[in-house]
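What follows is a single structure, written as structure tokens, with notes after it.
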Amino acid sequence: MGISIVEAIPLRIKRDEAYLGGIPQAADPAAYFTRPPYRALYSAYFETAFVKITTDDGIIGWGEALSPVAPEVVCTIIEQLLAPVLMGRDPLDGNVLWNVMYDLMRERGYYGGFMLDAISACDTALWDLRGKLLNQPVYKLLGGAFRERIPCYVSGLPRPTAEERVSLALEFVEDGFSAFKLAAGHGLRADAASVKALRDALGEETALLLDAHWVYALDEAVQLGHALTDQGVGFFEAPINPEDIESHARLAAAVAVPIAHGETERTRYQFRPWLMQKAADILQPDVGRAGISETIKIAAMAEAFNVRMAPHLSVGLGICISASIHVAAAIPNLYMLEYQPPVFAIANMLLESPLICEAGYYEIPSGAGLGVELDEGRLLDLQA
Ligand code: MG
């Protein structure tokens, strides 16, 4: 039994509300844009890259690379570089195949970025395939579930004023959610005030988290870190530019609030210095960038440093979300998994049967493999 077809499928779906809030009205809807103070490119669409790996027996495994923009890049890497070496190989040899893929461009310096996103999508598809071949859910193949359901936090609260953010959070509280992350980075005073408004409204028992989107310098991050400590914030994410491990280490030493980092990194090699230098208290790899195999290895390495895991989950759709849930089930050092309600709703539109996230917890899909099936007809219908 071997791999006989590898297909990469870029997807672009129309949406009303962009990730993190409003879409600029004047912009060409097909063009990407930035949203100051954030410097990253965003899309007015939901974009992602799926990979479908089929064996010569007709068994199918699905993978997904987090591709907020330009999913065609990942798809080209899969089709031109990865598919040829996967063809004919035994899908049960997942660890070997990860290394084969990783080595293809390693000596040319492609051991991060889009290359790893593409490898990760294939890695996840191979896990789904193995689960289906062995008739077991992926978390069982990973060694079993440490928990019956996965605790999560509501990410974003994309509303312009503190009042509106509080009222949105209160709607989730009514539905049983008790952890929230603010997309911040709007200046020290504004960020501290946003957190205080939520803390005052939601009380001491609610977990509050803050993502600064890499906008601060070290001295600013230290000041804000102290304010967040006073508000009992659960973690302070992406305070400083991600290349600057040394400043994160100094920040982590200076403030009590846990420092969270990781959506920019993809491999155990990239996370290693963060642990060695004690630059992060919580690691946040995204399974859509690190894949299942590597995220499990990163979690094991973090465990040896007493560091917890809060896997990042942003605009990845159903395959990426399910893969993240299986990983979150199978690692001992989980803090919480991210939950993006608007993305989750879109993800479920593409699945034959929906994923469930209720009252602060994801349910773990129990079917073979990832336990979710993409509705390929829907996928074609929704393609913008
Ligand atoms: Mg983030």
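So here's what we get for this one:
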| read-out | value |
| --- | --- |
| Computed over the chain: relative contact order in percent, which uses C-alpha pairs under 8 Å that are six or more apart | 19 |
| 10 Å Cβ shell holding at most 10 others, DSSP loop, GluC sites (Glu not before Pro): longest site-free stretch of the chain | 1-147 |
| Computed [θ] at 222 nm, helices only, for the chain once each DSSP H run of length n ≥ 4 contributes -39500 (n - 2.57) | -12000 deg cm²/dmol |
| Check: the chain dipole with +1 on Lys, Arg Cβ and -1 on Asp, Glu Cβ, in debye | 600 |
| Residues with amide H under 5 Å from that of F235, placed H, sequence gap 5 or more | L210 |
| Cα-only Debye scattering, the stretch 1-144: base-10 log of I(q)/I(0) at q = 0.19 Å⁻¹ | -1.04 |
| Cα long-axis angle, helix 94-103 against the chain (0 to 90 degrees, to the nearest 10) | 80 |
| Amide H within-cut-off set for L351, under 5 Å, with H built and near neighbours excluded | D375 |
| When the stretch 78-194 is reduced to its Cα atoms, the Kirkwood hydrodynamic radius in Å | 18.3 |
| Net lengthening on full extension, V69/R15 (0.36 nm per residue, minus Cα-Cα) | 18.0 nm |
| Kirkwood Rh, angstrom, the stretch 105-168 [1 / mean 1/r, Cα pairs] | 15.9 |
| Distant alpha-carbon pairs in the stretch 238-288 (separation over 15 angstrom), percent | 35 |
| Whole-Hz couplings from phi, Karplus 6.51/-1.76/1.60, listed for the stretch 293-303; x for Gly and Pro | 4, 6, 4, 5, 5, 4, 5, 5, 5, 4, 4 |
| Cα pair distances in the stretch 209-279, grouped into 5 Å bins until the bin that holds the longest one, percent each | 3, 19, 32, 25, 14, 5, 1 |
| Long-range tail of P(r) for the chain (Cα pairs > 42 Å, %) | 8 |
| Value of relative contact order over the stretch 52-193, rounded to a whole percent, pairs C-alpha under 8 Å and six or more apart | 25 |
| In sequence order, calculated HN-Hα J values of the stretch 192-199 (Karplus, 6.51, -1.76, 1.60; Hz; x Gly/Pro) | 4, 5, 4, 5, 4, 4, 5, 4 |
| Ranked list, fewest to most other Cβ atoms within 10 Å of each Cβ, for K52, K278, K14 | K14, K278, K52 |
| Translational diffusion coefficient (Stokes-Einstein; Kirkwood radius from C-alpha pairs) of the stretch 144-218 at 25 °C, 0.890 mPa s, in µm²/s | 186 |
| Rg/Rh ratio calculated on Cα atoms of the stretch 261-384 (Kirkwood radius) | 1.01 |
| Highest-MSF residue in the chain out of M349, M309, M115 [GNM, Cα springs under 10 Å] | M349 |
| Residues S324, S194, sorted so that the one with the fewest Cβ neighbours within 10 Å comes first | S194, S324 |
| Per-residue ³J(HN,Hα) for the stretch 155-170, Karplus 6.51 cos²θ - 1.76 cosθ + 1.60, θ = phi - 60°, Hz, x for Gly and Pro | 9, x, 6, x, 9, x, 10, 4, 4, 5, 5, 4, 6, 5, 4, 5 |
| Fewest-first sequence of L251, L209 by Cβ atoms within 10 Å of each Cβ | L251, L209 |
| I245-A30 pseudo-label distance in nm [points 7 Å out on the Cα-to-Cβ vector] | 4.2 |
| Gap separating the Cα centres of the stretch 343-384 and the stretch 68-143, nearest whole Å | 21 |
| Cleavage-rule hits, trypsin sites (Lys or Arg not before Pro), the stretch 107-156, DSSP coil, Cβ neighbours within 10 Å at most 10 | none |
| Chymotrypsin sites (Phe, Trp or Tyr not before Pro) within the stretch 28-96, DSSP loop, no more than 16 other Cβ atoms inside 10 Å | Y32, Y38 |
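No value in this document is a laboratory result; all are computed from the given coordinates. This structure is a prediction, so every number in the text was calculated from the model and none was measured. Using ideal geometry, Cβ is built from the backbone for each residue, glycine included, and neighbour counts are taken over all protein chains shown.
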